[in-house]
Structures are given as structure tokens and as C-alpha cells.
Amino acid sequence: MFAVTRKASDGRKRARLFSRTGASLVRIVFSLLITFIGLLLVTFLIGRVLPIDPVLAAVGDHASEQVYQRVKEEMGLNLPLWQQFFVYISNVVQGDFGTSVLTSNPVLEDIKRVFPATLELATLATIIGVFLGVPAGVFAAINKGKWPDHIVRIIGLAGYSMPIFWLGLMGLLVFYLKLDWVAGPGRLDAFYVDFIEPTTGLMLVDTLIEGDMDLFWNAVSHIILPASILAYFSLAYIARMTRSFMLEQLSQEYILTARVKGISETRIIWRHALGNVMVPLVTVIALSYANLLEGSVLTEIIFAWPGLGLYITNSLLNADMNAVLGGTVVVGAVFIGVNMLSDVLYRLLDPRARR
Amino acid sequence: MTNETLLSVKNLAITFSTSKGPVHAVRGVSFDLGRERLGIVGESGSGKSQTGRAILGLTAANGKITADQMQFHDLDLRNLSKRDWRKVRGARISMIMQDPKYSLNPVMTIGDQIIEAYREHHKVNATEAKRGALDMLAAVKIRDPERVFNSYPHEVSGGMGQRVMIAMMLIPDPEILIADEPTSALDVTVQLQVMAILDDLVRERGMALVFISHDLHLVSSFCDRVLVMYQGHVVEEIRASELDQAKHPYTQGLLNCLPKMDGNHAELPVLTREASWAEA
Amino acid sequence: MNISSTTEKPGLKQWLTSDTPQSRWQAKCGRAWLGWLKFTENRLAMIGLSIVLALILVTIFAPLLAPYDPLAADLTNRIQSPSAEHWFGTDQLGRDILSRLIYGAQYTLMIVALVVITAAPVGLLVGTAAGFFGGWIDATLMRITDIFLAFPKLILALAFVSALGPGIENAVLAIALTAWPPYARIARAETITVRRSDYIEAARLQGVSNMGLILGHITPMCISSLVVRVTLDMAGMILIAAGLGFLGLGAQPPMPEWGAMVSEGRQFLLEQWWVSTVPGLAIFIVSLGFNLLGDGLRDVLDPRGGD
């Protein structure tokens with residue numbers, strides 16, 4: 001859609017616009033590529049400064065010098081650093097992160113197995129966070145300076161300040177150990193674990209596919225506490241940003257225009273202001289989702305949740321560097337991917353960015 | 001032009017409480033408005049825009065309004081409920097704002113915004129509403145209404161945006177239209193076009209126009225009567241045709257500091273002010 | 001606009017609130033005074049300030065305040081309930097939890113201070129240089145910044161600590177490495193808004209060097225947004241540090257670090273819940289203090305308020 005006022009120069013302008021859009025797409029892809037290579041470089045360097053000798057780990061303490069050298073050559077560790085880096089990149093691109101010492105599976109296999117658990121937890125948490133956080137933020141903004149605003153602000157600030165591992169422990173203490181309202185750590189009761197064959201890897205979906213409601217409700221009782229705790233952090237962030245975006249939009253001229261038109265306050269808030277707030281809010285929600293995907297590390301440890309965070313931490317504590325770096329690269333890649341997705345959504349929601 | 005009074009304001013005062021103490025934006029303003037075109041002229045901060053907003057009950061939350069009288073037909077505007085205000089705004093008193101770049105919702109199509117104003121006050125179905133909106137766009141001399149209808153505000157020029165604004169505010173057919181600096185954000189070349197469209201429509205529909213501007217000449221050429229405001233006071237009320245006989249030194253100052261085609265000033269005189277004008 | 005002046009008392013207050021300051025110094029003081037007034041109006045911010053001041057005082061006077069030696073084990077007094085002698089009870093080695101909390105404040109404050117001292121100047125330098133010079137310098141520096149931003153903070157810190165080995169110095173380094181990129185972004189944004197302004201041009205015409213422009217004229221413009229952001233980030237730093245401590249990757253035992261203390265109490269959660277609860281509460285309160293303070297500062301220093 002182009003300017004309605006047509007001038008002679010319009011054709012040229014249009015041509016320039018198109019080439020600009022094309023150029024910006026190329027630039028986005030290019031910058032993503034650079035960021036990803038940078039990510040790999042950082043993980044690569046971390047792997048290299050590690051005080052553990054990977055050759056020694058492979059051959060054991062009692063190997064002879066010849067064996068040691070041969071293995072070192074086989075592993076490509078006698079090459080110059082930059083060549084090693086290229087080997088590393090080409091391996092990663094082919095999905096080869098090496099083998100996990102701890103599980104002796106290819107790291108990628110391990111990640112495929114554990115990732116759905118994290119995904120399920122983060123998705124549920126984000127859904128809860130959005131459905132509570134957005135209305136809370138709107139509510140705070142329209143009552144600026146009054147008690148609903150203060151309550152939302154305090155809830156939000158508390159969320160920003162709470163150590164998540166501690167909140168998880170307290171949640172377990174109160175709702176599991178003392179009150180027994182929810183199930184404890186893990187994704188299912190130990191008794192049920194062998195009953196379910198992973199199809200999607202998402203426990204709530206898999207149990208529904210099998211049509212086993214006992215299993216489904218068991219899975220719900222396991223996920224609800226960790227998901228709520230993660231959701232609280234997402235809610236705090238989303239509510240706070242919604243409030244500030246909302247205040248910004250409510251002070252805009254077009255809001256006054258809507259009031260002059262005699263539109264009801266409800267419609268002004270939920271249609272006019274929120275319609276504009278959604279544009280930056282999408283980025284915030286995407287960011288909080290990406291944060292939960294990685295931020296669930298501590299929660300997964302507390303709740304023995306067999307996801308990516310638990311996998312990375314366990315590997316880390318056992319000096320299983322292939323697994324740690326593989327996991328880090330995957331998390332970084334998800335981060336970059338979510339950011340790109342939010343960029344696309346932004347363009348869909350804002351007519352000014354749509355060309 | 002009848003002499004029937006639509007709106008009567010007596011001794012209007014607006015005070016804002018700020019962290020630096022109260023700010024008296026408007027003090028003791030009185031005027032009657034019939035089916036005529038009234039200009040309010042003043043510098044920025046003179047209280048002219050606040051006067052316009054007070055008539056719509058849209059003074060900011062930290063502002064306090066007092067008046068001896070604010071009568072619109074049989075309605076006392078001083079103590080209308082929120083619900084009653086919504087029946088007045090748009091439907092009976094409306095306002096055109098300064099800059100269409102900011103005063104139109106950027107994520108709604110122009111058509112949706114016009115239809116919203118229409119359907120808020122008239123019971124029409126979607127097809128009728130669309131036809132009404134397209135007719136209105138044609139009435140503000142937009143050549144390709146269908147296209148503009150489906151556009152977003154950023155896709156049209158400033159002059160076009162202001163015509164859209166006029167269409168949107170006139171479609172519920174109000175009795176009083178307040179125009180707050182409707183052309184100052186526009187290119188000089190399109191200012192007069194927009195003013196002419198506004199003037200035609202106001203005449204055709206027999207509406208009252210309150211034209212708020214800092215431009216004394218523009219106001220005098222489109223209005224019947226002019227209020228000159230200075231620091232919250234009305235310092236002079238005068239018929240536009242008799243402007244050259246203005247008595248108040250501030251009005252004279254405003255007139256003199258404008259360049260004239262036949263003027264032979266070597267230098268434009270600087271506006272002088274006296275503290276006593278702000279007391280009164 | 002006519003501002004009717006409030007009743008005027010002569011003296012300092014009048015000097016501070018004067019509409020017509022006689023010197024740059026008076027104008028600055030006047031602005032600071034107005035800012036302080038606005039800040040004190042915000043009750044939550046004042047609470048935050050008190051918490052942070054209390055943390056600093058506790059850190060300084062820890063040896064005087066702590067009733068016991070935080071490291072002295074007393075196995076006959078293991079995991080005691082709170083009592084008159086031990087207000088918050090004792091831990092699994094019979095150490096007084098209150099004393100450990102008081103000494104733990106030192107670690108918390110130290111980690112935050114060290115991270116800020118390392119990360120803020122780096123971010124400021126990278127950001128102002130990128131914004132000031134533009135072109136390929138900007139592109140390169142911002143690309144590096146983006147790479148670090150693309151990493152999830154905690155996982156990057158985990159990877160660093162695991163590579164460098166656990167310990168408090170490495171935890172500081174790891175957190176600093178994850179903390180600087182946002183500062184670079186902020187400094188760059190501020191620099192870009194001022195670098196074309198007339199006063200920079202005027203200073204340049206007077207022969208001020210690029211370095212002089214950056215340090216003397218641009219950096220000061222970035223300070224206030226940076227202070228706000230750093231204060232708000234301090235809470236996050238405390239949480240990451242505590243998280244690393246919880247995982248056993250931060251301060252090593254027997255140091256009384258709060259995150260590690262929560263972790264040590266996990267085994268007794270059901271019966272002796274306070275062992276974990278109390279240090280967690282301390283982390284929460286201190287990080288809340290920094291958040292409240294940062295929020296208040298933002299209202300005063302950065303009224304646009306964006307994040």
C-alpha cells in the first residue's frame with residue numbers, strides 16, 4: 001500500500017522502497033548468520049580454555065605417548081585453532097555436537113529428547129503469564145497512582161526480585177510437602193512413567209493422544225507448580241511492560257480523538273490503546289518466552305524436570321563439555337529464532353512496518 | 001444566521017495543580033455562542049485550547065474547572081455524568097485536532113475510524129455505515145474515497161489526513177464544531193484548501209464553529225467574531241470586520257506585528273506586553 | 001503559563017528553587033534539589049534506599065553486629081529452631097544462621113560492586129565509541145554486543161564458570177561478561193542523539209579532540225540513563241550470583257554466601273524449613289531494595305521511562 005497522494009516521483013519511490021525491503025531482508029539474514037557464527041565462536045573458545053584435556057579424557061591416564069598423539073590427531077586437535085573452528089562449525093551445521101560422555105549418546109539425540117519437556121513448561125508458563133499479565137498491566141495503567149496500580153507494581157517488583165530457586169523450594173514446601181495439593185518433582189508419578197510412549201514429547205499432549213485421563217491429570221498436577229512459578233516471572237515482566245506501553249499510548253493524541261468522538265472508555269482502552277500496545281508487546285512476550293526457555297534451568301533442577309536446563313547443568317557438573325556447549329548453542333539458536341519471529345509478528349501487527 | 005444561543009459560558013476558570021503549584025490556565029472567560037463562527041486567538045499558553053477542551057469535558061485529570069454557567073441547550077455542562085458526556089461528545093459537540101499525524105489511530109484503517117464515529121451515534125448497519133463514510137470522504141473533496149477508506153493514516157498526506165479528520169468529526173452531524181489549530185501542522189499550500197472545505201461544510205450544515213488559532217488574520221477571514229486571549233483572560237471581543245478598530249493594545253500589537261503586503265515597515269515591531277493585562 | 005509562586009522562605013530553599021539561577025552551580029544544585037524532592041515523594045523508592053543503605057551498613061559493621069563466628073561449627077547444636085540465642089536457628093553444622101546472613105551481606109555487596117565496576121565502564125566505552133564514530137566501528141562493536149546479548153545470561157555465566165572453575169572471582173567475571181551489552185546499547189543510543197548537536201560541534205570547533213569529546217561531553221550525557229539501568233540490573237546480578245551459589249558454582253563452602261545457604265538447607269526442607277527460607281528471604285529483600293531504588297531513580301532521572 002502506497003501513499004494515496006500520487007506525485008510524478010511515485011514510481012521511482014516505489015522502486016526504491018522495494019529494493020530497500022529486499023536489502024533489509026538480506027541484512028537481517030546476514031546479521032543473524034554473523035550472530036550465530038559469533039555464538040559458535042564463543043562456545044568454541046570456552047571449550048578450548050577448559051582445563052580438561054579432551055584427549056586424556058578419551059584415552060585414559062595409562063595410554064602411551066604414541067597412542068595419545070594418534071588420538072589427538074584423530075580428534076583434529078593438532079590443527080591450528082582457526083581450522084579447528086571451521087571443523088567445529090561444519091560439524092555443528094551438520095547437527096554434530098559430538099558425543100555426550102555422560103550418556104554416551106550423540107548430544108543432538110539427547111537434546112531432542114529433553115527439549116520438549118522444557119518447551120512444554122515454558123509454553124504453559126508463557127500462556128499463564130500473558131493471560132494474567134496483560135490485563136494486570138492494563139488495569140494498573142488505567143488506575144495509575146491508585147491502589148490497583150500499587151498492587152500490580154508490588155507484585156511485579158517482587159517477581160523481579162525473587163530468587164526463582166527459592167520460590168520453587170517454597171512452593172514445593174507449601175503446596176506439595178505441607179498441603180499436598182500438587183504432585184512433587186518430575187513430569188509424572190514414578191508409577192506411571194513407563195505407561196507413556198513419547199509421541200510429541202509434550203506430556204500433556206501425549207497423554208491426551210492416548211486418551212488416558214488419569215495420566216493427563218497426573219501430568220497436570222506435576223506441571224502446574226513449576227509452570228506457575230515460571231509464569232509469575234513472565235507475568236511480572238509482561239504486566240510491567242504492558243503498563244508502561246499503555247500509559248504511553250493513553251497520552252497520545254488519537255486517544256483524545258476517540259474521546260471527542262464519544263467512544264466508550266472500555267473501547268478506547270481495549271481497542272484503541274491496546275491495539276497499539278500489542279505492537280511492542282509482541283516483542284516483549286517473545287523475549288519473555290525465550291527467557292523462560294533458558295531461565296527454567298534453576299526451576300528444572302528444583303523440580304527434577306528432565307528438560308534442557310537440567311541436562312546442561314548435569315553435564316556441566318560432570319565436565320561433559322560437548323553436551324554443555326551443544327546445549328548452549330541450541331539455546332542461543334532458539335533465542336535468535338524467537339527474536340526473528342517477533343520481528344515478523346511486529347511487521348504483521350503494525351501497518352507502518354508492513355510494506 | 002439566527003441569534004439563538006447554543007452555548008453560554010460565564011466566568012470559566014481552569015486551574016491545573018502541578019508539582020510547582022497551581023497553574024491558572026483560564027481565568028474568568030465568558031462568551032455566548034450562536035450559530036456563528038467564533039474565533040479564539042492567542043499565543044501558545046494563552047488558554048485558548050484549554051477553553052475548547054473544557055467545552056467537551058476533556059480537561060486533563062489534574063485540572064479543575066469552575067464556572068458560573070456552562071449551558072448547552074438545556075444541559076448544564078458543569079455536572080454531566082460520564083454517560084451523558086458521551087452523548088454530547090461527537091454527536092453534538094465535536095473537535096478537530098491539530099496534527100492528523102498524531103490524532104488518527106495508526107493501527108486502524110481510516111474507514112474503520114470514520115465508521116466508528118458514525119455508528120457510535122447512529123443506528124446504522126455495516127453497509128449503510130460504509131456508504132455514509134464514503135459519502136463523507138467525498139464531501140471533504142477526496143477524489144478516491146474507496147482507496148482512502150482502506151488506507152492507514154500513515155499512508156496519506158497531512159492535508160488528506162486533516163480532511164479525514166473533518167469527515168470523521170462531521171459524520172455524526174454535530175451542532176458545534178471546535179477546530180483547534182486545524183491547519184497549523186499543514187503545508188502553507190494546503191492550509192487554505194482545508195480551511196475552505198471546513199468553511200463550506202460548516203455553512204452548509206448550519207453548524208457553529210469555534211476556530212482556535214494563533215493566526216489573527218486567518219481567524220478574521222473565516223470568522224464572524226473574535227475573542228482575543230492573553231494569559232487566560234479574554235482581553236478583547238470584537239467583530240472580525242471591525243478588527244482594524246481594535247481598542248486593546250495587545251490586539252493592536254498582534255495586528256501590527258504581522259507583515260502586510262503594502263506595509264512599509266522597515267522592521268516589524270516587537271509585541272510589547274504589560275503585566276496589567278493579565279490581571280483584569 | 002503563569003506559575004503562581006508558593007510562599008517563599010528566604011535562605012537556602014529559595015536559593016535552590018530560584019527561577020533565575022545566578023550560576024551553573026546554582027542551577028545544578030537546584031535541579032538536584034527538585035530531583036531529590038520528587039524522589040522523596042516516592043515512598044517505595046525511599047524504602048528501597050533504606051534497604052540498600054542498611055545492606056551497606058551491615059556489610060561495614062558485620063563483625064560488630066554478628067553475635068557468633070559465621071564459620072564456627074558446633075555439631076552439638078545442629079539445626080536448632082529459632083530461639084533467643086539463635087534468632088534464625090542454626091544450620092547443619094550448628095553455625096548461627098543470623099551471623100552467616102550478616103557476613104553473607106559482604107559477599108552480595110562485593111559481587112555487585114565488582115560486576116558494576118567491570119561491566120559499566122566497558123559498556124560505556126563500547127557504546128560511546130560505537131555511537132560517536134559510526135560506520136564500520138559501530139557495525140563491528142554492535143555486532144559483538146548482539147552476539148553477547150543473544151546468549152541467555154545464566155547459561156553463558158554457567159558455561160564461563162564451568163570453563164574457568166567455580167569460585168567467587170570467576171562468578172564475578174562471568175556475570176560481568178553477561179552484564180555489559182545492555183550498557184553499550186544504552187550508551188550508543190544516547191551518544192547518537194547528542195553527537196550531532198550544536199554544542200558538540202561548538203566544542204569540536206574549539207579544538208577538542210575526539211577522545212576529549214567522548215569523555216568530556218558525551219559520556220556525561222549517558223550517565224543518568226546508565227545509573228538507572230545499572231541500579232535496576234543490580235537486582236538481577238544478585239539473583240544470578242545467588243543462582244550460581246545455589247548450583248555450587250559461586251562462593252565455595254564454608255563461605256556464608258546466601259545462594260549456597262539456600263542450597264545447603266534443601267535437605268532439611270520439610271522439618272527445618274527456616275534453614276533455606278531465611279537466606280532466600282534475605283536475597284529477596286536486598287534485590288527488592290535495588291529494584292525499588294532503581295525504579296525511583298528512573299522516575300527522577302529518566303522521565304521517559306522506557307526499558
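Laid out as a table, the results:
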item: Hits in region B:81-106 (condition: touching a residue at least 60 places away in the same chain (Cβ under 8 Å) and among the hydroxyl-bearing types (Ser, Thr, Tyr)); result: B:94, B:103
item: Test: residue A:83 is of a type outside the set (Val, Ile, Thr), under 33 Å from the mean Cα position of the chain (by Cα), modelled with pLDDT of 75 or more and farther than 30 Å from residue C:153 by Cβ; result: yes
item: Whichever residue in region C:48-64 is loosely packed, with under 15 Cβ neighbours inside 10 Å and aliphatic (A, V, I, L, M) and, among such residues, is farthest from the chain's Cα centre (by Cα); result: C:64
item: Residue within region B:98-115 that is closer than 30 Å to residue B:235 by Cβ and not acidic (Asp, Glu) present; result: yes
item: Which listed residue is touching a Ser or Thr at 6+ places or on another chain (Cβ under 8 Å), within 24 Å of residue A:34 (Cα to Cα), in a helix (DSSP H, G or I) and without any contact (Cβ under 8 Å) to a residue 24 or more places away in the chain, from A:324, A:329, A:344; result: A:324
item: In region B:107-120, the residues that are assigned to a helix (DSSP H, G or I), β-branched (Val, Ile, Thr) and either more than 23 Å from residue B:202 (Cβ to Cβ) or touching a residue at least 40 places away in the same chain (Cβ under 8 Å) (or both); result: B:110, B:114
item: Residue ID - modelled with the lowest pLDDT, chosen from residues in region B:8-45 that are over 30 Å from residue B:203 (Cβ atoms) and small (Gly, Ala, Ser); result: B:19
item: Criterion: under 18 Å from the mean Cα position of the chain (by Cα), away from chain C (no Cβ under 14 Å) and closer than 18 Å to residue B:228 by Cβ - qualifying residue of B:7, B:12; result: B:12
item: When residues of region C:112-155 are limited to those that are closer than 21 Å to residue C:257 by Cα and within 14 Å of chain A (Cβ to nearest Cβ), the one farthest from the chain's Cα centre (by Cα); result: C:155
item: Candidates A:288, A:244 - the one that is of a type in the set (S, T, N, Q) and within 11 Å of chain C (Cβ to nearest Cβ); result: A:244
item: Any hit, region C:259-275, residues being closer than 30 Å to residue C:83 by Cβ and either modelled with pLDDT of 90 or more or hydroxyl-bearing (Ser, Thr, Tyr) (or both); result: yes
item: Every residue from region A:153-200 that is over 20 Å from residue A:309 (Cα atoms), outside any helix (DSSP H, G or I) and among the small types (Gly, Ala, Ser); result: A:183, A:190
item: Among the candidates C:297, C:281, C:293, C:270, residue that is surrounded by fewer than 22 Cβ atoms within 10 Å (Cβ to Cβ) and assigned to a helix (DSSP H, G or I); result: C:281
item: Residue match in region B:128-147 (condition: within 20 Å of residue A:253 (Cβ to Cβ) and part of a loop (DSSP other than H, G, I, E, B)); result: yes
item: Single residue of C:234, C:221 found to be touching a Gly at 6+ places or on another chain (Cβ under 8 Å) and more than 8 Å from chain A (Cβ to nearest Cβ); result: C:234
item: Qualifying residue in region B:121-132 (condition: facing another protein chain (nearest Cβ under 7 Å), free of Cβ contacts under 8 Å to residues at least 60 places away in the same chain and of a type outside the set (Lys, Arg)); result: yes
item: Elements of type helices (runs of 4 or more DSSP H) in region B:171-280, at least 3 residues being out of contact with any helix residue (DSSP H, G or I) (no Cβ under 8 Å at 6 or more places or on another chain) and at pLDDT below 85; result: B:249-256
item: Among the candidates C:284, C:246, residue that is more than 24 Å from residue C:187 (Cα to Cα) and touching a Gly at 6+ places or on another chain (Cβ under 7 Å); result: C:246
item: Count of residues meeting criterion [without any contact (Cβ under 8 Å) to a residue 12 or more places away in the chain and β-branched (Val, Ile, Thr)] in region B:150-192; result: 2
item: Pick from region A:146-175, criterion facing chain C (nearest Cβ under 10 Å) and among the aromatic types (Phe, Trp, Tyr), ranking: farthest from residue A:298 (Cα to Cα); result: A:160
item: Top-ranked residue in region A:176-187 [being surrounded by fewer than 18 Cβ atoms within 10 Å (Cβ to Cβ) and not charged (D, E, K, R); ranked as nearest to the other protein chains (Cβ to nearest Cβ)]; result: A:177
item: Among the candidates C:205, C:215, residue that is without any contact (Cβ under 8 Å) to a residue 40 or more places away in the chain, out of contact with any Leu (no Cβ under 7 Å at 6 or more places or on another chain), farther than 30 Å from residue C:300 by Cα and surrounded by fewer than 24 Cβ atoms within 10 Å (Cβ to Cβ); result: C:205
item: Complete set of residues in region B:142-175 that are away from chain A (no Cβ under 11 Å) and either loosely packed, with under 15 Cβ neighbours inside 10 Å or among the acidic types (Asp, Glu) (or both); result: B:173, B:175
item: Helices (runs of 4 or more DSSP H) contained entirely in region A:202-299, each with at least 2 residues that are modelled with pLDDT of 90 or more and buried (at least 20 other Cβ atoms within 10 Å of the Cβ); result: A:213-250, A:253-260
item: Lone unmet requirement of (1) farther than 30 Å from residue A:159 by Cα; (2) touching a residue at least 12 places away in the same chain (Cβ under 8 Å) for residue A:221; result: (1)
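Here is a yes/no grid of residues against (1) in contact with a Ser or Thr (Cβ under 7 Å, 6 or more places away or on another chain); (2) surrounded by fewer than 19 Cβ atoms within 10 Å (Cβ to Cβ); (3) modelled with pLDDT of 85 or more; (4) among the hydrophobic types (A, V, I, L, M, F, W, C):
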site	(1), (2), (3), (4)
C:91	no, no, no, no
C:104	no, no, yes, no
C:109	yes, no, yes, yes
C:112	no, no, yes, yes
C:125	no, yes, yes, yes
C:136	no, yes, yes, yes
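The values are calculated or read from the model by the stated rules, or taken from the named source; none is laboratory data. Computed from a predicted structure; not experimentally measured. Glycine also receives a Cβ, built like all others from the backbone with ideal geometry; neighbour counts cover every protein chain displayed.
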